[in-house]
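Throughout, read-outs are computed from the coordinates displayed, never taken from laboratory work. As the structure is a prediction and not an experimental result, all values here were calculated from the model. As a convention, Cβ positions derive from the backbone with ideal geometry for all residues, glycine included, and neighbour counts pool all protein chains shown.
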Amino acid sequence: MFDELSLNILDIGMNSLAAGARRIEVSVVESARHNWLVIRVRDDGRGMDAATLKRILSRNASTKTTRKKSVGLGLALLRQTAEMCGGRFQIRSAPGQGTSVTASMRYAHVDRPPLGDLVATIHALAANPAVDVRLRYRSDEGTFHFSSQEGKHHEPRRTQTPEGKSAAAGCAA
Ligand SMILES: Nc1ncnc2c1ncn2[C@@H]1O[C@H](COP(=O)(O)OP(=O)(O)OP(=O)(O)O)[C@@H](O)[C@H]1O
Ligand SMILES: [Mg+2]
């Protein structure tokens, strides 16, 4: 298991890069008030067909903590963390349609790793300037957006915005 969730996100984002993604959207919503932390990594890479997805998910289920490189650990580790911390793990993918990986966990769960340095993860994923890596981070205090291509930071806003509402709905998907 990783010490910090930003390292899980780095790993999931590396899968997106390996799948030829040109755009990776990382969304992190954490709410102490509602006791949830939800991570989503969505890409426009080559995606996976249903059979591949099923195979990967069933392997995840059986790998537990054994360290066999051939099995693949990135998805399994995030899934394990989510399920251990009272949340759920979901992958949606289709060939040519990209992939979306969502992991939720209880914010206050005793085993939940800290978030770590999200911006460092985004910068690491954005080493190739042709890839646009976007971050949307939302907490009880407000929302923060970052795009590697625009190179812009937007400082926190109040959460009671129309966008804030749709962001919450998106993360439940
Ligand atoms: N975003 C994605 N797009 C397309 N295929 C993916 C994506 N994420 C994962 N996969 C497929 O699922 C497999 C398992 O991913 P996982 O991260 O668990 O292991 P890995 O990348 O093979 O190895 P590791 O992460 O341990 O280096 C990948 O090898 C790849 O075939
Ligand atoms: Mg991986």
Report summary line: Note on segment 116-138: residues surrounded by fewer than 18 Cβ atoms within 10 Å (Cβ to Cβ) and either in contact with a Lys or Arg (Cβ under 8 Å, 6 or more places away or on another chain) or not charged (D, E, K, R) (or both) are Gly116, Val119, Ala120, His123, Ala124, Ala127, Asn128, Pro129, Ala130, Asp132
Query raised in the report: Does segment 113-132 hold any residues that are over 12 Å from Ile39 (Cα atoms) and in a loop (DSSP other than H, G, I, E, B), and which are they?
Result: Pro113, Pro114, Gly116, Asp117, Ala126, Ala127, Asn128, Pro129, Ala130, Val131
Report summary line: Flagged pairs (Cβ under 7 angstrom, 6 or more apart or on separate chains; first in segment 99-113, touching a residue at least 60 places away in the same chain (Cβ under 8 Å) and among the aliphatic types (A, V, I, L, M); second part of a strand (DSSP E or B) and within 16 Å of ligand 2 (Cβ to nearest atom)) are Val101/Val41; Val101/Ile91; Ala103/Ile39; Ala103/Phe89
Query raised in the report: Does Gly13 qualify as being free of Cβ contacts under 8 Å to residues at least 60 places away in the same chain and either of a type outside the set (D, E, K, R) or within 11 Å of ligand 1 (Cβ to nearest atom) (or both)?
Result: no
Query raised in the report: among the acidic types (Asp, Glu) and surrounded by fewer than 21 Cβ atoms within 10 Å (Cβ to Cβ): does that describe Asp43?
Result: no
